[in-house]
Amino acid sequence: MSIITQNLVYFGIAILIIIILLIWAYTTKRLQQDFNTLTWTLIPVAIAINVVIGQIVVTLKLPVYLDSIGTVFVGVLCGPWAGAITGMLANIIWGSIIDPNAFPWFPVAFFIGLVAGFCAKGGLFKSWWKVMITGFLVALTAAAVSTPIAVGVYGGITASGSSFITAYLLQTGQNLLPAVLITNNLVEPFDKISTALLAFAIMQGLSTRFLARFPRPQNVEVQKGVNWVQIAIAVVIVIAVLAFYILVVVKLTSQ
Amino acid sequence: MHERLSFYIKRNSFLHQLNPLTKLTLTMSLVLISFVNSWYWTPHLLLLIMVIPLSYIGRVNEPFFRTFLRLILPAASFLFLMQAFFQPIGDSVIFKIWFLDITRESLMFAFRNAMRIVVMVCSFTLFLLTTHPSELMSDLTRRGLPGQFAYVIISTLQIIPQMQSKAQSIIAAQRSRGLDTESSLLRRIGSLVPLVGPLVFGSLVEVEERAIAIEARGFTSTHIKTSLHEIPDSNLDRVIRWILIFLVIASLALRIWLS
Amino acid sequence: MAIVNLQNVTYKYPLTDSPALQNVSLQVEQGEFVAVVGPNGAGKSTLCYTLAGFIPHFFKGELTGMVEVDGKDLQMSSLNEWVLNVGLAFQNPFNQISGAKYTVFEELAFGLENIGVPRDEMRPRVEDTMKLTGISDLADRSPYSLSGGQQQRVALTSILVMQPRVLVLDEPTSQMDPIGTREVFGVIRTLAEKGMTVLLVEHKVEWIAQFADRVIALHEGQILLDGRPSEVLTSDLLEGKGFGISRYTSAAREARKMGLWKKENLPVTLDEAVEGFSLTPNASPLGRGE
């Protein structure tokens, strides 16, 4: 089986996993806990935030996507399942009104919301440095899930600028799958950590009374005090882990 | 303010009369078959004998071709070139540009891949051109999609243009105060904050009142929902859907059997 | 039997110390048009939300006392049942648009779809209610393309079409321009005349004085006064507490101190003021009372 087909199969498996997860969450009532009426009115606004900020970023020619701020926001404030569903719906809508090339990426959006939500449930959204860790974890997931899609659906080269990195890696003899994986792991952390931080900053600006209305306000109780040392340590840790990760990936996949 | 809520264009055509689910099935089938079928020329053929004729049947050929030339062709060409140049497959080098080898294999590979993407994007474009979102949502809700999802999708489609015009006016206001979209990276990052702030907070405040408003209209009612409009679903629709599903499964089976 | 019955209702929002409503008791008969006035923070919106069931079900917090509408007890009902009992419209017309529909007609049918009204009943119900509030010409427009006054009338209609027993309106004209205000007041007056039980929170006392059956003055979470508009709105008790007293009342009060106001009751509206001042003997156009 060619590598393309192999990754198409992974894509299919990812879709299956999503369906199974959703059915499980629904039947065990976990999914419903993330939703009250406010969730349903928040999600359209969150998706709109995804779209509009994603487009502003293009206008400002910044080297990031920042198209998942709303997804992370819902994942933290309402719960992982709400975040996951927000991601998927955002993806479908982006594909419907902006660029149908976005459609195949819905599993990525699903997992971004899901992981952000679970991190928040685990208390990882209560201070700046914890938020950075959440962003990093989300980035890892996004990179992992988007790689098979990029390879299976697009043959490794997507319509975004990061493909040049992939192209370079391919020219230097790297195999397709690792090349895409490395590219994604380079691109995602910066984007997703910024995304998480922006979502966090937005939450800081909202009143406790307002936040209390949503299903999971406890995820956002602020631990007062910005500790610059903590942030510095967090940045160093994140970069170190990232570098280590990439080295490991490159080592494991170079054949 | 130009409100482009969706691609939809109202026409009197066969496609427009089809049930939304049928059109969705058609789109998905085209995509799946072009990706699954092992015969090399599948996507090309589908584009020529299905997608393009359908755009005429749906009387949306003009907007379709406009979108094709403006959005799809450039993206597909980019993909094609990138893959042709940078996928080091095969040995029969056709020509060299500087240090880049273009092999016959990579050309063929790129051609098919790009065409698959083209078929995918074109099918969805066609679907969106001929299907009104509220019709699609009504139909899916009737078939069991929870009403909340239909609510979210339509509501999002209406909120996005509003937020976009809000963003435009904020950007215009910032520009008049010296925001530069051409200046240094750091400056540009810094200018993101005064853009994001007012936009986001203004929209979030509405969320609570809107929740009260829809609650007051029975959003969380436990009664079985009814719908104002009836979306017709003819026998022809059903037949078409079954044929399409059959074709997809056949393609899949063929693929598995051949490998 | 009163259709609205509040007994000793006290309510505290979550995370607050002082109650927003203290020991509020009031009864409203069917068909009565009751206006509620009060300074900011008096608890007017809280009262509206309580009647509409959003307190306590949406806002949580501590609610004690009895809230009864049409014989049903709020604490024993769920919010989605209660909204069929009591309809609520509030200040911002834009936020009351559901966003789920592309035309006004469909927007009005939204509520009916949610509660499972049969399809053949929906259309006539929406059409009749549109006629009642005078928005039949807006049927095919997008709700977002309307003016504030039009949107507010659509919001009112979309609540009315659910056929609640009581209508609660929380400052529906605060964000309207004068035309919008006139349009909305027109609709409210029609509804009141048709026998709808209406509770209206408003600042525009002159209008209330003309059309309301009863006025309740709310202050710091308690009912200060409850009676006829001409009595409540001109009462000396309202002075100095932040109530929006009509300028005609204030003017006449000052005039009375100088002995220039000869009537028993103070005026609220311009007409009453003109009538009253014209009774003053030796009143000259230049106003030099000697």
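The values are calculated or read from the model by the stated rules, or taken from the named source; none is laboratory data. Since the structure is predicted, the reported quantities are computational estimates derived from the model, not experimental observations. FYI the Cβ positions are ideal-geometry reconstructions off the backbone, even for glycines, and counts take in every protein chain you see.
Descriptive notes on the structure:
- Positions within the range A:166-195 being β-branched (Val, Ile, Thr) and modelled with pLDDT under 80, in sequence order: A:THR172
- Scope the range A:53-69; condition part of a helix (DSSP H, G or I) and either modelled with pLDDT under 90 or touching a strand residue (DSSP E or B) at 6+ places or on another chain (Cβ under 6 Å) (or both); matching residues: A:ILE53, A:GLY54, A:GLN55, A:ILE56, A:VAL57, A:VAL58, A:THR59
Residue-by-condition table, conditions (1) closer than 21 Å to B:ILE154 by Cα; (2) of a type in the set (A, V, I, L, M, F, W, C):
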site: A:ILE4; (1), (2): no, yes
site: A:ILE15; (1), (2): no, yes
site: A:ILE18; (1), (2): no, yes
site: A:LEU21; (1), (2): no, yes
site: A:THR27; (1), (2): no, no
site: A:GLN33; (1), (2): no, no
site: A:LEU38; (1), (2): yes, yes
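- Only listed residue being away from chain A (no Cβ under 14 Å), surrounded by fewer than 23 Cβ atoms within 10 Å (Cβ to Cβ), among the polar types (S, T, N, Q) and farther than 22 Å from C:PHE58 by Cα, chosen from C:GLN22, C:GLN7, C:GLN30: C:GLN30
- Screening C:ASN8 on (1) assigned to a loop (DSSP other than H, G, I, E, B); (2) over 16 Å from the mean Cα position of the chain (by Cα) shows it passes everything except condition (1).
- Qualifying residue in the range A:89-101 (condition: free of Cβ contacts under 8 Å to residues at least 24 places away in the same chain, in a loop (DSSP other than H, G, I, E, B), out of contact with any Ser or Thr (no Cβ under 6 Å at 6 or more places or on another chain) and within 12 Å of another protein chain (Cβ to nearest Cβ)): yes
- Residue match in the range C:223-232 (condition: out of contact with any Asp or Glu (no Cβ under 9 Å at 6 or more places or on another chain) and farther than 20 Å from C:VAL9 by Cβ): yes
- In the range B:190-228, the residues that are loosely packed, with under 14 Cβ neighbours inside 10 Å and either under 29 Å from the mean Cα position of the chain (by Cα) or more than 11 Å from chain C (Cβ to nearest Cβ) (or both): B:GLY190, B:VAL193, B:PHE201, B:GLY202
- With respect to the conditions (1) farther than 27 Å from B:PHE124 by Cα; (2) among the aromatic types (Phe, Trp, Tyr); (3) without any contact (Cβ under 8 Å) to a residue 12 or more places away in the chain; (4) facing chain B (nearest Cβ under 8 Å), A:PHE35 falls short on a single one, namely (3).
- Some residue of the range C:61-68 being over 23 Å from C:GLN163 (Cβ atoms) and of a type in the set (Ser, Thr, Tyr): yes
- Given (1) farther than 30 Å from B:PHE78 by Cβ; (2) more than 8 Å from chain B (Cβ to nearest Cβ), number of the condition A:PRO44 does not satisfy: (2)
- Tabulated pairs, the range C:34-49, first under 11 Å from C:ILE223 (Cβ atoms), second charged (D, E, K, R), C-beta under 6 angstrom, 6+ apart or interchain: C:VAL36/C:LYS44; C:GLY38/C:LYS44
- Scanning the range A:158-190 for residues that are within 13 Å of another protein chain (Cβ to nearest Cβ), in contact with a Ser or Thr (Cβ under 8 Å, 6 or more places away or on another chain), crowded, with 21+ Cβ neighbours inside 10 Å and in a helix (DSSP H, G or I) turns up A:SER163, A:THR166, A:LEU169, A:ALA179, A:VAL180, A:THR183.
- Only one of A:ALA196, A:ALA150 that is under 30 Å from A:ILE4 (Cα atoms), touching a residue at least 24 places away in the same chain (Cβ under 8 Å), of a type in the set (A, V, I, L, M, F, W, C) and touching a helix residue (DSSP H, G or I) at 6+ places or on another chain (Cβ under 9 Å): A:ALA150
- Looking across the range B:244-259, just one residue is modelled with pLDDT under 85 and among the small types (Gly, Ala, Ser), and that is B:SER259.
- Residue check for B:LEU79: within 11 Å of another protein chain (Cβ to nearest Cβ) and closer than 21 Å to A:THR5 by Cβ: yes
- Residue pairs meeting the criteria (Cβ under 7 Å; at least 6 apart or on separate chains; first facing another protein chain (nearest Cβ under 10 Å), in the range B:162-173; second among the hydroxyl-bearing types (Ser, Thr, Tyr) and part of a helix (DSSP H, G or I)): B:MET163/B:SER203
- Residue match in the range C:84-91 (condition: in contact with a strand residue (DSSP E or B) (Cβ under 8 Å, 6 or more places away or on another chain), buried (at least 18 other Cβ atoms within 10 Å of the Cβ) and either away from chain B (no Cβ under 13 Å) or without any contact (Cβ under 8 Å) to a residue 60 or more places away in the chain (or both)): no
- Residue check for C:LEU132: more than 8 Å from chain B (Cβ to nearest Cβ) and among the aliphatic types (A, V, I, L, M): yes
- If the condition is being in a helix (DSSP H, G or I) and more than 9 Å from every other protein chain (Cβ to nearest Cβ), then the range A:74-88 contributes A:VAL74, A:GLY75, A:VAL76, A:LEU77, A:PRO80, A:TRP81, A:ALA82, A:GLY83, A:ALA84, A:GLY87, A:MET88.
- Qualifying residues in the range A:191-205 (those that are within 11 Å of chain B (Cβ to nearest Cβ) and either buried (at least 17 other Cβ atoms within 10 Å of the Cβ) or touching a Lys or Arg at 6+ places or on another chain (Cβ under 8 Å) (or both)) - the one farthest from A:ALA46 (Cα to Cα): A:SER194
- Residue list for the range A:110-129, restricted to those being part of a helix (DSSP H, G or I) and in contact with a Phe, Trp or Tyr (Cβ under 9 Å, 6 or more places away or on another chain): A:GLY113, A:LEU114, A:ALA116, A:GLY117, A:CYS119, A:TRP128
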